[in-house]
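Asker: Here it is, the structure in full.
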Amino acid sequence: MIYMDKVDCKKLKEFYKPSGGLSAVRVPSWKFLLINSKGDPNGSDVYQKATESLCLTSYS
């Protein structure tokens, strides 16, 4: 199992609260988990299982 350091997004204000106007920022490389699918997620068992797996993986 891969454990990653937690990131406190509140400390990354330059990405979420720019100083004003347009600006370019260099974002560090981060690993993400995602669900890639099509269709309505409300009635899909596949989506529900994928979401449960994503949560269990990301919070463990």
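Asker: Helix 45-59 sits at what angle to the longest principal axis of the chain, using alpha carbons and giving 0 to 90 degrees rounded to 10?
Answerer: In the chain, helix 45-59 runs at an angle near 50 degrees to the longest axis.
Asker: Quick check for me: using +1 on Lys/Arg Cβ and -1 on Asp/Glu Cβ, what's the dipole size of the chain about its Cα centre, in debye to the nearest 20?
Answerer: 340
Asker: How large is the Kirkwood hydrodynamic radius of the chain, in angstrom, based on all distinct alpha carbon pairs?
Answerer: This gives a value of 14.8 Å.
Asker: Calculate the spin-label point distance for Leu56 paired with Val25, positioning each point 7 Å from the Cα along the beta-carbon direction, and give it in nanometres.
Answerer: 3.4
FYI, it's all coordinate maths here, none of it is from the lab. Here the structure is a predicted model, which means the values were calculated and not measured. Note that we place each Cβ from the backbone using ideal geometry, even for glycine, and neighbour counts take in every protein chain shown.
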